[in-house]
Amino acid sequence: MAKAGKQLPLIDVEPENMKEILSVAREYKEAVTERISWLNIEKEKKQKILELVAKAKLTPLENGVIRFKCDGMTISITPRDELVQVKEDSAEE
């Protein structure tokens, strides 16, 4: 009998659909890598928007939010966490 806290050796048995599981697992890892890459691009673009809006010296609304429309998009920046939102005017909420 094994001591408490000690892991027993793993049984080397593969499920019948192992190839299918492995294929989907590889696709999953690829999707995670791609999502992380897109997240980094999103962060860069957010920072660039913040820099450009600061450079424009726009006057915030009473609540501190900067909001403006530009070619069919509404851009707003909330000062508490510099939340950037970009919406297409035709998009449903």
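Relative to the current alpha-carbon distance between L50 and E88, full extension at 0.36 nm per residue lengthens the span by 11.8 nm. Restricting the calculation to Cα atoms, the chain shows an Rg/Rh of 1.34 when the hydrodynamic-style radius is the Kirkwood one.
Calculated [222 nm] ellipticity per residue, helices only, for the chain: -15500 deg cm²/dmol; basis is -39500 (n - 2.57) per DSSP H run with n ≥ 4, divided by all residues, nearest 500. With 28 Å as the limit, the listed pairs K55/K87; K48/K87; K29/K69; K48/K69; K43/K69; K19/K45 have K29/K69; K19/K45 beyond it between alpha carbons.
Gain on full extension, evaluated as 0.36 nm per residue between T59 and M73 minus their Cα-Cα distance, stands at 3.2 nm. Here the relative contact order of region 18-88, from alpha carbon pairs under 8 Å that lie six or more residues apart, stands at 17 percent. Annotation for region 51-91: trypsin sites (Lys or Arg not before Pro) lying in DSSP loop with at most 12 further Cβ atoms inside 10 Å of their Cβ are K57, R80.
Bear in mind that the values in this text are calculations on the coordinates, not laboratory data. Please read these numbers as outputs of a predicted model, since none were measured by experiment. In this analysis, Cβ positions are derived from the backbone assuming ideal geometry, glycine residues included, and neighbour counts consider all displayed protein chains.
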